[in-house]
Amino acid sequence: MERFAKGLTSFALFLTIAFLLLPIVVVIPVSFTEAPIFAFPPEGFSLQWYGRIRNVDGLLSALGLSAQIAALSTAISLLLGTLCAIALVRGRLPGAEAVATFMVSPLMLPGLVLGIAMLQAMRELGLRDAWFSLLIAHVVITMPFIMRTVLASLSLFDFAMVDAARTLGCSYPLAIWRVLVPNILPGFVSGALFAFIASFDNYPVSMFLVDVRTKTLPIQLLNYLEISPDPTLAAVSTLLILLTIFVLFLCDRMVGLRRMSSI
Amino acid sequence: MQPDYLVVSGADKRFGAATVLRDLSLSVAQGEFVSLLGPSGCGKTTLLRCIAGLLHPDRGRITVGGRDITALAAHQRNVGVVFQNYALFPHLTVAENIAFGLRARGISKAEAGPRVAEALALVRMEVHGDKPVTALSGGQQQRVAVARALVVRPSLLLLDEPFSALDRKLRETMQVELKQLLREVGITAIFVTHDQEEALVVSDRVAVMNAGQIEQLTDPVTLYHAPASLYVLDFVGQSTKLSGKVLSSSDGMIEVQTAFGVLRAPASFMPGSSVAVAVRPEAMVLAPEADAALNTLRGQISDISFLGSRTQIHLNAPAEGEDRVILELSRLPAGLATGQEVSFGFRVTDTMAFLA
Amino acid sequence: MMAPASKAQKLDPLAYLALPGLIFMALVFLAPLLLMLWSSIRGADGFTLSGYARVLGDDYYIQVIGQTLQLALITTAGALILGYPAAFALARAKGWRQVVLFALVFLPLTVSIIVKSFGWGIVLRRDGILNWLMLNLGLIERPIRMIFTEFALYAGMINVFLPFMVLPIYSVVRMMDPRLPDAAATLGASPWFRFTRVTLPLSLPGVVAGVSIVFSLAVAAYVTPSLLMGDRYMTMSMVMAKAFLNLRDWQLGAAMAAVLMTLAVVVVIGAAILQRRLGTAKGS
């Protein structure tokens, strides 16, 4: 019975992993096919689809825009979110728990609702700049990830260390920089990573805010998939997967992957 | 030796509605060890933080070596602090922790090196320099914290409950070790503690604090044998307390009626006033010879507790009442049993009386 | 009464650091949401519930809501059935093997949903990998149509949201004291009794977390259903997107969004209450 249960759970894990990886792994061989279709098994071997990435209209600029928006919105969230987290942990703020819940709440809200609300608000204000709309919307998307991880690491931080640094000759800001920042860095890194991915991948909010010239990568990819599906998409996807693996590897080196398990 | 090396005068500190320091004054000589002793909330940690510059008093002045540091920020004061739980930096090694204060003062890595090595040697941690602080035992962490505070040659060392994170046995060793180390360095040190035994062991003088004020500041022996108030008596050491009424008073001697009988104490209170009379347990003897210098009373044994090096005997009053006497003997006489009625006594000069 | 004034004085100056973030979120997040709710009840001449009447009174939209709930429920159930035992195996693994297994569960979470949905399409195509495998194994004689079927949709949804079920259960199971089932065994409990009376109740907080996350994500899913099924299986999200982007019928879209938001919020708050009850029941 015991062994049966163990066998069953192990099999479920095997099935889970195989199932999860299947649609990701399948993209890779298809990206090297010679034929202009997604048929399996792929025919021959060629790198032509990788070469064509450059020629697809708007793909590279969409990649640039997505990276830019994700990086900027993550940076802004890091700044605003960290300040807010410090206030919540140290400021003896009445209703701190409610404030924390509010700051994390965009995560629980359907993305589309957020996008629609943003779209309406921008229209009401007459704000038609897609880049700016995307940026502030993505700050809202990234904020919960930063708040959660930074709050968690701050509440584990012993603030006597800041006092210790001050008595040892550091001014208050310098003490924060030398002692607080290095100690909550794992929280920063994993929070920022998740925030960046959430922004980089976001579709349901962005779809309401883009315009013809300002399109993020997921929007552009989906467009392309609908208009002219060919293995170029597989090539782009393969590159994105490799990039993800690389970033995850880096984060594992820096802070340890399992510390991030609290999604 | 400067007699008034650290001077705190007229310090007030309020947090919202709560007054934590109340017109507090304190003067410490150079090289002296002073403990701030009191229960939590008495203001001892607040006073320490005010001296460190981590808090600023609402009113009052703080000088060190004649220099007014009241307005200086923590990092400008050159005051070393050993924090409760040590507050070592977990992202740095032992040596980097110790070098932290030197580097913050703009001393180059090369120049800091020998001084860090010296500090490591001082606390006998030479071989641990490259370890992460998280790999150290409690006692080792304390030594690193002391080395980190001392390496910058502070004008004053403040220690906030430095032994509270250690287990009992280690605590006793470290108390003596730290005291010797600090004597060697010749620094002026202020200990904050709620442990009266620790205060008696480590300090030249003890300041017992109560509600933001210093209730008594004196050497450990005087503090133990001549507490200035019931509060100090209760806080320092064990004692037996009997409540009573003053029957008569003459020439600095009073006679007090207690549940155990009449006894005398060196004090002068108005006849009729309610007092508490106190005796240290080890000042009492069992079945004394008749002697005019002794208060001799009778009581019934309710419990005998063997504590190893000594034995405690609990006595009930012959009359009805709550009052109990605890008497401490280093050797237990044979044939003593609970329920027995015995006589006991203590010197009149060992008898302390306080207005209740 | 001086009490409120003294309370205000006591506010730590550090508390003001919360202001920039709070003000930003109030303006950019809270205000637009309120505006949206307002616009869902604002007609040409004042207050109206006609948006809601259209959403909740029309058989078509009722059917869409029903389909959305059905999809979310099936996705949640499927993810739970597969993810619950998998989380136990993941928590049981030791050392480097656990790191690798964990990374394999974690990686799909960070891969773009577009890429995954696109890959899922390749898997299920008539000339895709699944048909190819089954043909070569002799399980089928002719390729079968899978893409654009409800089966494909459910499988794709479970695929996308499964990690959100495994990870919360894993983190609860990992913290579980392994001696407790053993203790139950010494008390004479059979394996089944041990599971239902000890292991299952202890893992419930993880299950509640996983179920609420997966359900609230699945009920709002947009990319996966529209890529795998398109207009053949309309969900609330797709109606909303259509209302705003094609029909320009903001009132309809806003009302549908309000209904969807209510659903998601109810699930999240319900799960939070349940979590708290489970927490106090444990007495910790």
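What number do you get for the protein assembly as shown when its Cα radius of gyration is normalised by 2.2 N^0.38 Å, N = residues?
Details: Rg = 37.0 Å, N = 903, 2.2 N^0.38 = 29.2 Å.
The reported ratio for this selection is 1.27.
Beta carbons within 10 angstrom, averaged per residue: use that to sort the peptides A:158-165, A:28-35, highest first. If you can, show how the numbers build up before the last one.
Details: A:158-165: 21.1, A:28-35: 18.4.
Averaged packing, sorted descending, gives the order A:158-165, A:28-35.
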(message) For chain A, take the longest principal axis of its alpha carbons; what is the angle in degrees between that and the long axis of helix A:232-255, to the nearest 10 within 0 to 90?
(response) 30 degrees
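Taking the Cβ-Cβ separation of C:ARG232 and B:ASP130 as r and a Förster radius of 56 Å, what is the calculated FRET efficiency to the nearest 0.05?
Working: r = 66 Å, r/R0 = 1.18.
Calculated value: 0.25.
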(message) I'd like the distance between the alpha-carbon centres of the range C:8-75 and the range C:148-214, rounded to an integer number of Å.
(response) 32 Å
(message) Taking the beta-carbon count within 10 Å as an exposure proxy, list A:LYS215, B:LYS245, B:LYS44 from fewest neighbours to most.
(response) B:LYS245, A:LYS215, B:LYS44
(request) Arrange A:PHE249, C:PHE47, A:PHE188 by Cβ neighbour counts within 10 Å, fewest through most, would you? (result) C:PHE47, A:PHE249, A:PHE188
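Per residue, how much space in cubic angstrom lies within the convex hull of the C-alpha atoms of chain C?
Numbers: hull volume 69.8 nm³, N = 284.
Given the Cα convex hull of chain C, per-residue volume reads 246 Å³.
Can you check how the C-alpha radius of gyration of the range B:1-70 compares to 2.2 N^0.38 Å, as a plain ratio?
Numbers: Rg = 12.0 Å, N = 70, 2.2 N^0.38 = 11.1 Å.
Taking the Cα Rg and dividing by 2.2 N^0.38 Å, one obtains 1.08.
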(request) Starting from the Kirkwood radius over alpha-carbon pairs of the range A:1-131, derive D by Stokes-Einstein at 37 °C in a medium of 0.692 mPa s and give it in µm² s⁻¹. (result) 158 µm²/s
(request) About the Cα centre of the range C:134-213, how large is the charge dipole given +1 on each Lys and Arg Cβ and -1 on each Asp and Glu Cβ? Please answer in debye to the nearest 20. (result) 60 debye
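Considering only DSSP beta bridges where both residues belong to the range B:6-235, give the percentage that are antiparallel (nearest 5). Don't skip to the end; give the middle numbers.
Details: 20 of 37 bridges.
DSSP beta bridges in the range B:6-235 are roughly 55 percent antiparallel.
How long are the three semi-axes of the equivalent ellipsoid for the range B:1-132, computed from the Cα gyration tensor as the root of 5 times each eigenvalue, in whole Å, largest first?
On the way: eigenvalues 202, 59, 43 Å².
Values for the range B:1-132, descending: 32, 17, 15 Å.
How many times 2.2 N^0.38 Å is the alpha carbon radius of gyration of the range B:196-288?
Here the Cα radius of gyration is 1.21 times the empirical estimate.
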(request) Calculate how steeply helix B:168-185 sits against the longest principal axis of the alpha-carbon atoms of chain B, using the helix alpha-carbon long axis, and give the answer as 0 to 90 degrees to the nearest 10. (result) 60 degrees
(message) Sorting check: for B:182-190, B:144-152, C:182-190, which peptide has the highest mean count of neighbouring beta carbons within 10 Å, and how do the rest follow?
(response) B:144-152, B:182-190, C:182-190
(request) Would you mind giving the mean number of other chain beta-carbons within 10 Å of the Cβ of each residue in C:142-155, as a whole number? (result) 0
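Compute the whole-percent fraction of alpha carbon pairs in the range C:67-186 spaced more than 26 Å apart.
Values: 2659 of 7140 pairs.
Value for the range C:67-186: 37 percent of Cα pairs lie more than 26 Å apart.
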(request) Mind checking which of B:SER203, B:GLY16, B:SER155 is farthest towards the positive end of chain B's charge dipole, using Cβ charges of +1 (Lys, Arg) and -1 (Asp, Glu) about the Cα centre? (result) B:SER155
(message) Please compute the Kirkwood hydrodynamic radius of the range A:170-210 from all pairs of different C-alpha atoms, in Å with one decimal.
(response) 12.4 Å
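Please work out whether chain B counts as rounded, prolate or oblate from its C-alpha gyration tensor, where a ≥ b ≥ c are the square roots of the eigenvalues and a/c under 1.5 means rounded, while otherwise a/b larger than b/c means prolate and anything else oblate?
Numbers: a/c = 3.07, a/b = 1.88, b/c = 1.63.
It comes out prolate by the Cα gyration axes.
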(message) Projecting each Cα onto the charge dipole of the range C:56-281 (Lys/Arg +1, Asp/Glu -1 at the beta carbon, about the Cα centre), which of C:MET234, C:THR196, C:ILE144 comes out farthest on the positive side?
(response) C:THR196
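Based on DSSP H assignment, which helices of chain C show an axial Cα extent of at least 20 Å together with a mean Kyte-Doolittle hydropathy greater than or equal to -1.0? Mind dumping the intermediate values first?
Working: long enough: C:59-92 (49 Å, 0.97); C:95-110 (23 Å, 1.47); C:150-175 (37 Å, 1.40); C:200-219 (27 Å, 2.04); C:250-281 (45 Å, 1.49).
Long hydrophobic helices here: C:59-92, C:95-110, C:150-175, C:200-219, C:250-281.
Using +1 on the beta carbon of Lys and Arg, -1 on that of Asp and Glu, and nothing else charged, what's the dipole of the range B:2-120 about the Cα centre, debye to 20? Intermediate results must be reported in sequence, preceding the final value.
Numbers: 13 positive and 9 negative charges, 53 e Å.
Its charge dipole is roughly 260 debye.
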(message) Take C:ARG248 and B:GLU341, extend 7 Å from each Cα along the Cα→Cβ direction, and tell me the distance between the two endpoints in nm.
(response) 11.0 nm
(message) Along the charge dipole of the protein assembly as shown, pointing to its positive end and built from +1/-1 on Cβ of Lys, Arg, Asp and Glu, which listed residue (B:GLY101, A:PRO182, C:VAL99) has its Cα farthest out?
(response) C:VAL99
(message) From the C-alpha coordinates alone, can you work out the Kirkwood hydrodynamic radius of chain A, in Å?
(response) 21.3 Å
(request) Please pull out the direction-averaged projected area of the range B:247-319, using the convex hull of its alpha-carbon atoms, in nm² to one decimal place. (result) 5.8 nm²
(message) What distance in nm separates the two pseudo spin-label positions at A:ARG92 and B:VAL348, each 7 Å out from Cα along the beta-carbon direction?
(response) 5.4 nm
(request) State, to one decimal in nm, how far the label point of C:ILE140 lies from the label point of B:GLN300, with both points 7 Å from Cα in the Cβ direction. (result) 9.7 nm
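How long are the three semi-axes of the equivalent ellipsoid of the range A:156-263, in whole Å, if each is the root of 5 times an eigenvalue of the C-alpha gyration tensor, listed from largest down? Intermediate results must be reported in sequence, preceding the final value.
Working: eigenvalues 340, 57, 22 Å².
Taking √(5λ) for each Cα gyration eigenvalue gives 41, 17, 10 Å.
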(message) So if the hydrodynamic radius of the range B:151-192 is defined as the Kirkwood radius over C-alpha pairs, what does Stokes-Einstein give as its diffusion coefficient at 20 °C and 1.002 mPa s, in µm² per second?
(response) 193 µm²/s
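Tally the DSSP beta bridges in the protein assembly as shown and give the antiparallel ones as a percent, rounded to 5.
Antiparallel bridges: around 80 percent, rounded to the nearest 5.
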(message) Would any residue of the range B:245-262 have its amide N under 16 Å from a label point 7 Å out along Cα→Cβ of B:SER268? List them or say none.
(response) B:248-255
(message) Taking the Cα centre as origin and putting +1 on Lys and Arg beta-carbons and -1 on Asp and Glu beta-carbons, what dipole magnitude results for the protein assembly as shown, to the nearest 20 debye?
(response) 1640 debye
(request) On a C-alpha basis, how far is the centre of the range B:130-183 from the centre of the range B:246-289 in Å? Whole number, if you could? (result) 45 Å
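What average number of partner chain Cβ atoms lie no more than 10 Å from the Cβ of the residues making up B:83-90? Numbers along the way, then the final one.
Numbers: counts 6, 1, 3, 4, 10, 4, 9, 6.
Whole-number average of other-chain Cβ neighbours for B:83-90 is 5.
What list do you get for A:CYS170, A:CYS84 if you sort them by fewest beta carbons within 10 Å?
On the way: A:CYS170 23, A:CYS84 29.
The order, fewest Cβ neighbours first, is A:CYS170, A:CYS84.
Once you average over the residues of A:176-187, how many Cβ atoms of partner chains fall within 10 Å of each Cβ? Write down the numbers at each step before the final one.
On the way: counts 0, 0, 6, 6, 0, 1, 4, 4, 1, 1, 0, 0.
Taking the mean over all residues of the peptide, I get 2.
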(request) Would you mind checking the pairs A:LYS6/B:LYS131; B:LYS13/B:LYS241; B:LYS131/C:LYS94; B:LYS44/B:LYS179; B:LYS44/B:LYS169 and listing those with alpha carbons more than 30 angstrom apart? (result) A:LYS6/B:LYS131; B:LYS13/B:LYS241
(request) Tell me what chain C gives for mean residue ellipticity at 222 nm when only DSSP H runs of n ≥ 4 count, each as -39,500 (n - 2.57), the sum divided by the residue total, rounded to 500 deg cm²/dmol. (result) -24000 deg cm²/dmol
(message) Which log10 I(q)/I(0) values does the range A:123-183 give at q = 0.11, 0.24, 0.28 Å⁻¹ under the Debye formula, counting every alpha carbon as one identical point scatterer?
(response) -0.46, -0.93, -1.06
(request) Taking amide H positions as placed in the peptide plane 1.01 Å from N, state which residues far from B:LEU247 in sequence (5 or more) or on other chains have amide H under 5 Å from it. (result) B:GLU255, B:VAL256, B:GLN257, B:GLY272
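Each reported figure results from applying straightforward, stated rules to the coordinates on display, with no laboratory input. Just so it is clear, the structure is predicted and the values come from calculations on it, not from any experiment. Every residue, glycine as well, gets a Cβ built from its backbone with ideal geometry; the counts of neighbours run over all protein chains shown.
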